[in-house]
1. Restricting to segment 74-85, count the residues that are surrounded by fewer than 23 Cβ atoms within 10 Å (Cβ to Cβ) and part of a helix (DSSP H, G or I).
2. Would segment 173-183 turn up any residue that is outside any helix (DSSP H, G or I) and not hydroxyl-bearing (Ser, Thr, Tyr)?
3. Mind checking which residues of segment 64-73 are among the small types (Gly, Ala, Ser) and either open to solvent by less than 10 Å² (accessible area, probe 1.4 Å) or outside any helix (DSSP H, G or I) (or both)?
4. Of the conditions (1) open to solvent by less than 60 Å² (accessible area, probe 1.4 Å); (2) at pLDDT 95 or above; (3) of a type in the set (Lys, Arg); (4) over 21 Å from MET153 (Cβ atoms), LYS61 satisfies every one except a single condition; which number is it?
5. Only residues in segment 84-99 that are more than 18 Å from GLU132 (Cα to Cα) and free of Cβ contacts under 8 Å to residues at least 40 places away in the same chain count as the first member; pair them with residues that are open to solvent by less than 30 Å² (accessible area, probe 1.4 Å) and of a type in the set (Gly, Ala, Ser), Cβ under 6 angstrom, at least 6 apart or cross-chain, and list the lot.
6. Do you know which residues across segment 86-115 are in a helix (DSSP H, G or I) and open to solvent by 10 Å² or more (accessible area, probe 1.4 Å)?
7. Which number in (1) outside any helix (DSSP H, G or I); (2) within 18 Å of SER111 (Cα to Cα); (3) without any contact (Cβ under 8 Å) to a residue 24 or more places away in the chain; (4) of a type outside the set (Gly, Ala, Ser) marks the one condition that VAL53 misses?
8. Determine if segment 38-45 includes at least one residue that is in contact (Cβ under 8 Å) with a residue 40 or more places away in the chain and part of a helix (DSSP H, G or I).
Amino acid sequence: MQRWLSSLRSFFQFCIRRGWMQNNVADGISAPKSPKLLPKTLDVDQTAQFVAVEGDDFINKRDRALLELIYSSGLRLAEVTSLDLKDIDWGEAMLTVTGKGRKTRLLPIGSMAITALKDWLVARKQYTQDNEPALFTTQRGGRISHRAVQMRMQQLSISQGMDNPIHPHMLRHSFASHMLESSGDLRLVQELLGHANISTTQIYTHLDFQHLAKVYDKAHPRAGRKTDSVDDEC
């Protein structure tokens, strides 16, 4: 219906330019609202399963470090592929990230990601020249592309035994959801994700509520909740 109405508006606008009509009769019609779908996330065990890439060759060490870093710091795909070696403060275990609108933010790096990154830097020397600034590179020695990361994650979804294909933003969503579940601090999650408005971050409160509701239903001996049968007068 939204596409149909958009097509009509465009068609009538074309008619106005041709002089066949004076007004766009579709302007006063409101389009139906699309439901806001919650982002898909992995639980903690699923995330651990996915990022635990085995192997000591160039590709496996790179993939393990890349996945650990995305999940550790909640990075976007464009952010992780644009990282340079100089962006990591090894002494403080911090990362300088350039996000949307060229805004930079400082993020902590978890210990598992630090270990994986150090292993990767040893393997990186095999195929990468000393003058290459990119943190994550290919066997050809250049910066890894968005598409290469997406393809590797699709392949790893199979080799790591995941039920569904995992994409980079799913790890970012999982990071946000797990941080909110543990801390309950929405402002903290907003800062870590680099959201300009907290309304963007608030979608994770719905995920957190769903998590709490599921835990309650499973854990409480007298739960048996059916939300559609609650007495409105209570």
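The values are calculated or read from the model by the stated rules, or taken from the named source; none is laboratory data. Fair warning: this is a prediction, and the values are worked out from it, not measured in the lab. Neighbour counts run over all protein chains shown; Cβ positions are idealised from the backbone, glycine included. For the accessible areas, the whole protein counts, side chains as well, though only heavy atoms, and no ligand, DNA or RNA atoms are used. Shrake-Rupley method; radii C 1.70, N 1.55, O 1.52, S 1.80 Å.
1. 4
2. Here is the first cut: in segment 173-183, the residues outside any helix (DSSP H, G or I) are none.
Scanning segment 173-183, I find no residue that is outside any helix (DSSP H, G or I) and not hydroxyl-bearing (Ser, Thr, Tyr), so the answer is no.
3. Of all residues in segment 64-73, those among the small types (Gly, Ala, Ser) come to 65, 72-73.
Within segment 64-73, ALA65, SER73 qualify.
4. (4)
5. These pairs meet every condition: LEU95/SER73.
6. Applying the first criterion (in a helix (DSSP H, G or I)) to segment 86-115 yields 86-87, 100-102, 111-115.
Of everything in segment 86-115, those that are in a helix (DSSP H, G or I) and open to solvent by 10 Å² or more (accessible area, probe 1.4 Å) turn out to be LYS86, ASP87, LYS100, GLY101, ARG102, SER111, MET112, ILE114, THR115.
7. Of the numbered conditions (1) outside any helix (DSSP H, G or I); (2) within 18 Å of SER111 (Cα to Cα); (3) without any contact (Cβ under 8 Å) to a residue 24 or more places away in the chain; (4) of a type outside the set (Gly, Ala, Ser), the odd one out for VAL53 is (3).
8. yes
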